[in-house]
Every structure is written in structure tokens, then in C-alpha cells.
Amino acid sequence: MAQKLEGKTALITGSGRGIGRQLALMLARDGAKIVVNDLDQEPADTTTADIISEGGEAVSCVGSVTDETFAERFVASANETFGGIDIIINNAGYTWDSVIQKMTDEQWYAILDCHLTDRLEFFVPHNPSSKNMCWQRGCKV
């Protein structure tokens, strides 16, 4: 029986731990090739190794989704390793254990950058990686 995501490639931000890790493992079990991302090398490599040990295909792309060059590197990892992208899951995120009125401006803007601004980096028309991402493979955003 064919796996429902066989031949598909998924980018999953924040997939070294938590919900993102579970999404990566689940999609890999359904046949998807996974580009794993985390801020830290060890969790990304652990998730990647676990996928491979279960017979799946995965590669790590370590870095912050808020880094200006991240989207392009992330997309390039998928294109160079697996030949394209079919699925994008913007899972990365965090919060400080604080109520909003006690957050500093720096904390507030860091959260906005991670939860909102980085999402645009994948889809803005002037981003060179956008051309290689969806239009090439006919996916829908």
C-alpha cells in the first residue's frame, strides 16, 4: 500500500522538539521527505536521525526563522536535497513566561518576528526563494 505523502517534501520550522518534532515524525511515517529545523543542532539532528532510523528521508537545516537569510537557506535545503517543496509547516514559535504588560519591548518584538514576520519571508513576491518554492511545483498557499 502506498503511503499518502510518498514523493512529497515537507519543510517544518521548529521541528527539532515538541509539536514540530511530532509533525515531522508523523509526516515521515506517511512517506514525506522532511527538512527539519531547530535553533540548535542537537535537537534537529536527533529528529533527523530518528526519521532516518525509521526508514524515512530527512535533512537538518539549523537556524532561526527570524534570520534574514533563513528562508532562502531552508528552501535551498529542500530543493538541493529532495528536488523541491510540497508542504510548508510554519511551526516555530515561543513565548516568555510573562504577562504582556510585563514584557520588555525587546521581548515583544522578538515574539512578533518569530510568529508573524518570518511567515512573510516564505511568501513575499520579491523573495528569490518563493519562485523555487511553490510556483515550480504548483502548490497552493
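Tabulated data for the structure shown
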| read-out | value |
| --- | --- |
| The stretch 15-27, residues that are of a type in the set (A, V, I, L, M), surrounded by fewer than 21 Cβ atoms within 10 Å (Cβ to Cβ) and either free of Cβ contacts under 8 Å to residues at least 40 places away in the same chain or not in a helix (DSSP H, G or I) (or both) | LEU25, MET26 |
| Failed criterion for GLU68 (all others in (1) assigned to a helix (DSSP H, G or I); (2) at pLDDT below 95; (3) charged (D, E, K, R) hold) | (1) |
| Tally, over the stretch 60-84, of residues that are within 15 Å of GLY20 (Cα to Cα) and out of contact with any Lys or Arg (no Cβ under 8 Å at 6 or more places or on another chain) | 4 |
| Filtered residue count, the stretch 52-98, keeping only those that are more than 18 Å from GLN41 (Cα to Cα) and touching a Gly at 6+ places or on another chain (Cβ under 9 Å) | 4 |
| Selection status of THR48, buried (at least 22 other Cβ atoms within 10 Å of the Cβ), more than 25 Å from TYR109 (Cα to Cα) and modelled with pLDDT of 95 or more | yes |
| Qualifying residue in the stretch 33-42 (condition: of a type in the set (D, E, K, R), in contact with a Leu (Cβ under 7 Å, 6 or more places away or on another chain), farther than 23 Å from HIS115 by Cα and at pLDDT 95 or above) | no |
| Members of the stretch 15-49 found to be more than 14 Å from the chain's Cα centre (by Cα) and under 17 Å from GLN3 (Cβ atoms), listed by number | MET26, ARG29, ASP30, GLY31 |
| Restricting the stretch 73-95 to residues that are in a loop (DSSP other than H, G, I, E, B) and small (Gly, Ala, Ser), the residue that is surrounded by the fewest Cβ atoms within 10 Å (Cβ to Cβ) | GLY83 |
| Per-region count, the stretch 1-14, residues buried (at least 24 other Cβ atoms within 10 Å of the Cβ) and either of a type in the set (D, E, K, R) or more than 13 Å from the chain's Cα centre (by Cα) (or both) | 0 |
| Complete set of residues in the stretch 28-45 that are part of a helix (DSSP H, G or I) and surrounded by fewer than 24 Cβ atoms within 10 Å (Cβ to Cβ) | ARG29, GLN41, GLU42, PRO43, ASP45 |
| Residue list for the stretch 47-65, filter: charged (D, E, K, R) and assigned to a helix (DSSP H, G or I) | ASP50 |
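The values are calculated or read from the model by the stated rules, or taken from the named source; none is laboratory data. Small disclaimer: the values here were computed from a predicted structure and weren't measured. Here the Cβ is made from the backbone with ideal geometry for all residues, glycine too, and neighbour counts use every protein chain on show.
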